[in-house]
Amino acid sequence: MKLTAEQRIERTHVQLMRDPDFCLFSGVFMVGKVEVSELIPTAATNGKDVIYGRAFVDSLDDKELAFLVLHEAMHKAYRHLFVWQKLAKENPVLANMAMDYVINLQLVDYNKPDVIQPPRDKQGKVMGCLDEKYRGMDTKQVFDLLKQECEDEQDSDGEGGEGGQGGQSDKQSKSLDDHDWENAQELSEQEKEELADEIDRALREGAILAGRMKGNIPRELDELMHPKVDWKEALREFVKTTMMGNNNSTWRRPHKKYIAQNLVMPSYYNEKAGQLVVGVDTSGSIGGAELSQFLGEVKSICDEVAPERLDILYWDSHVARHEHYTGSEVSGATHMTKPAGGGGTEPGCVPKYMRENALYPQCTIMLTDGYFYGDGCGDWHGVNSPVLWCVKGNRNFTPTVGKSVYVELN
């Protein structure tokens with residue numbers, strides 16, 4: 001019995017979800033709607049939904065269809081139709097091609113011809129944009145090269161002549177799919193943010209599954225999920241933003257925002273910051289040298305914001321030790337602290353302890369490897385404190401409360 005296009009696409013999703021390398025996209029397949037239409041020549045996406053042309057799906061074998069399905073998933077994963085809207089406004093044809101050149105090379109680099117293969121036409125030629133000369137480039141770099149090629153064609157045929165337009169028309173015919181820029185632009189900013197969060201969660205969950213199945217995650221997607229951030233600067237900014245208010249102004253520290261405009265304006269500050277809680281995972285992944293480096297950064301930040309009190313909670317499956325420092329003691333915390341613990345890893349013990357001991361800080365910092373037992377990040381209800389998770393070693397960690405930054409401790 002011949003399967004319908006809808007059934008083949010669904011079967012392809014399931015097969016790719018079971019593959020160690022392609023299970024990364026399991027959640028991305030589920031983002032938005034998937035439809036089949038007689039009106040679409042190949043396939044199209046608006047960055048959320050995907051439409052497949054029925055006749056085109058019927059013309060592909062299983063490996064070619066898998067390639068097409070992954071192609072559309074990668075457009076969503078990279079949020080191409082939102083990131084590159086500026087390029088599309090300049091030249092939608094070249095923007096389409098540039099995106100396709102990038103992701104098609106990445107799909108070929110999986111080197112799994114038994115699972116996916118680029119679709120070919122009746123003459124056996126690869127359909128879509130695939131060229132080794134664009135290897136290692138991002139969409140903007142490819143776009144610039146394509147744009148230069150079109151300009152060179154126009155110059156050779158005479159400015160405004162038919163040659164340039166013909167060259168662009170030929171390029172359009174190379175595209176494997178279409179990209180619905182118009183519908184992508186109709187999404188509100190809130191809808192775009194919600195979609196970005198949904199895709200991010202889907203990729204992170206897929207990465208966890210790929211890790212369990214010992215699959216490979218492309219460097220480009222790994223960097224998308226884990227952009228390089230200076231954790232020290234992120235930590236400093238988090239503490240300063242949450243603990244330093246704007247009750248008073250001072251001309252001794254000019255406002256950085258206006259310096260570039262040759263204006264000298266006062267900065268604002270609170271004379272006293274409140275309480276800072278630092279929760280340290282002592283289940284075994286954080287060594288003494290690493291802890292000293294981390295607490296050294298906390299100390300330098302405390303010197304700057306001058307909290308009235310610093311509480312350090314060493315925890316594993318429970319809070320094994322609670323230290324608190326006030327006033328001038330804060331500056332010596334790094335040398336006086338005595339880590340304790342070494343059992344399981346249940347971060348929920350920290351907010352529970354904070355509630356039971358009436359610790360209500362202006363902000364909370366959690367240093368951990370992100371590998372937990374029990375109830376994940378725990379129940380933070382009632383703590384009412386912004387939380388920053390400083391995560392060492394586990395790039396797949398996504399907190400259920402607060403924000404996270406990946407740290408590299410020497």
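The values are calculated or read from the model by the stated rules, or taken from the named source; none is laboratory data. None of the values given here were measured: they were computed from a predicted structure. Glycine gets a Cβ as well: all are built from the backbone with ideal geometry, and neighbour counts include every protein chain shown.
So, in region 378-404, of the ones that are more than 15 Å from D281 (Cβ to Cβ) and β-branched (V, I, T), which residue ends up surrounded by the fewest Cβ atoms within 10 Å (Cβ to Cβ)?
Only one residue fits best here, namely T400.
This table checks each residue for (1) crowded, with 24+ Cβ neighbours inside 10 Å; (2) modelled with pLDDT of 95 or more.
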position: S26; (1), (2): no, yes
position: V34; (1), (2): no, yes
position: I40; (1), (2): no, no
position: Y52; (1), (2): yes, yes
position: D61; (1), (2): no, yes
position: A73; (1), (2): yes, yes
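Give me the pairs, please: first residue somewhere in region 39-68 and over 13 Å from M127 (Cβ atoms), second residue anywhere and polar (S, T, N, Q), beta-carbon distance under 6 Å, and either six or more positions apart or on two chains.
N46/N183; I51/S37; K63/Q117; A66/T12
Table: residues versus (1) surrounded by 15 or more Cβ atoms within 10 Å (Cβ to Cβ); (2) assigned to a helix (DSSP H, G or I); (3) touching a residue at least 12 places away in the same chain (Cβ under 8 Å); (4) among the basic types (K, R).
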| position | (1), (2), (3), (4) |
| --- | --- |
| E191 | no, yes, no, no |
| A196 | no, yes, yes, no |
| A207 | yes, yes, yes, no |
| I217 | yes, no, yes, no |
| L235 | yes, yes, yes, no |
| F238 | yes, yes, yes, no |
| T242 | yes, yes, yes, no |
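From the residues in region 390-409 that are in contact with a Cys (Cβ under 8 Å, 6 or more places away or on another chain) and among the hydrophobic types (A, V, I, L, M, F, W, C), which one is farthest from S292 (Cα to Cα)?
V401
In the set F372, F294, which member is in contact with an Asp or Glu (Cβ under 7 Å, 6 or more places away or on another chain) and of a type in the set (A, V, I, L, M, F, W, C)? Let's see the steps before the verdict.
Details: F294 fails: in contact with an Asp or Glu (Cβ under 7 Å, 6 or more places away or on another chain).
Result: F372 is the single residue among F372, F294 that is in contact with an Asp or Glu (Cβ under 7 Å, 6 or more places away or on another chain) and of a type in the set (A, V, I, L, M, F, W, C).
When the residues of region 347-373 are filtered to those that are surrounded by fewer than 20 Cβ atoms within 10 Å (Cβ to Cβ) and modelled with pLDDT of 90 or more, which remaining residue is nearest to S300 (Cα to Cα)?
Residues of region 347-373 surrounded by fewer than 20 Cβ atoms within 10 Å (Cβ to Cβ): 348, 352-353, 355-358, 360, 369, 371-373.
Filter once more, keeping what is modelled with pLDDT of 90 or more: 348, 352-353, 355-358, 360.
Details: G348: 28, K352: 28, Y353: 26, R355: 28, E356: 29, N357: 27, A358: 26, Y360: 22 Å.
Per the stated criteria, the residue is Y360.
Among the candidates Y406, Y325, Y314, single out the residue that is part of a strand (DSSP E or B), without any contact (Cβ under 8 Å) to a residue 24 or more places away in the chain and either more than 24 Å from D230 (Cα to Cα) or hydroxyl-bearing (S, T, Y) (or both). First the steps, then the outcome.
Numbers: Y406 fails: without any contact (Cβ under 8 Å) to a residue 24 or more places away in the chain; Y314 fails: without any contact (Cβ under 8 Å) to a residue 24 or more places away in the chain.
Selected residue: Y325, the only one of Y406, Y325, Y314 that is part of a strand (DSSP E or B), without any contact (Cβ under 8 Å) to a residue 24 or more places away in the chain and either more than 24 Å from D230 (Cα to Cα) or hydroxyl-bearing (S, T, Y) (or both).
Would you point out which residue out of G274, G296 is at pLDDT 55 or above, in a strand (DSSP E or B), assigned by TED's automatic domain parsing to the domain that holds P361 and surrounded by fewer than 17 Cβ atoms within 10 Å (Cβ to Cβ)? Before the answer, list the steps.
On the way: G296 fails: in a strand (DSSP E or B).
The unique qualifying residue is G274.
Scanning region 28-50 for residues that are farther than 27 Å from A210 by Cβ and not in a loop (DSSP other than H, G, I, E, B), which turns out nearest to the chain's Cα centre (by Cα)?
From region 28-50, those farther than 27 Å from A210 by Cβ are 35-42, 44; that's our starting set.
Narrowing further to those that are not in a loop (DSSP other than H, G, I, E, B): 35-37, 44.
Working: E35: 27, V36: 30, S37: 32, A44: 24 Å.
Restricting to residues being farther than 27 Å from A210 by Cβ and not in a loop (DSSP other than H, G, I, E, B), the top hit is A44.
Among the numbered criteria (1) modelled with pLDDT under 95; (2) surrounded by 18 or more Cβ atoms within 10 Å (Cβ to Cβ); (3) closer than 13 Å to G279 by Cα; (4) touching a strand residue (DSSP E or B) at 6+ places or on another chain (Cβ under 6 Å), which one does A340 miss?
(2)
Would you please name the residue that is nearest to L295 (Cα to Cα), looking only at residues in region 341-373 that are within 28 Å of the chain's Cα centre (by Cα) and free of Cβ contacts under 8 Å to residues at least 40 places away in the same chain? Steps first, please.
Here is the first cut: in region 341-373, the ones within 28 Å of the chain's Cα centre (by Cα) are 345-348, 350-351, 362-373.
Going one step further and asking which of them are free of Cβ contacts under 8 Å to residues at least 40 places away in the same chain, we end up with 346, 348, 351, 370, 372.
Values: E346: 21, G348: 22, P351: 20, G370: 18, F372: 22 Å.
The selected residue is G370.
Only one of (1) out of contact with any strand residue (DSSP E or B) (no Cβ under 7 Å at 6 or more places or on another chain); (2) over 26 Å from G206 (Cα atoms) fails for L107. Which number is that?
Failed condition: (2).
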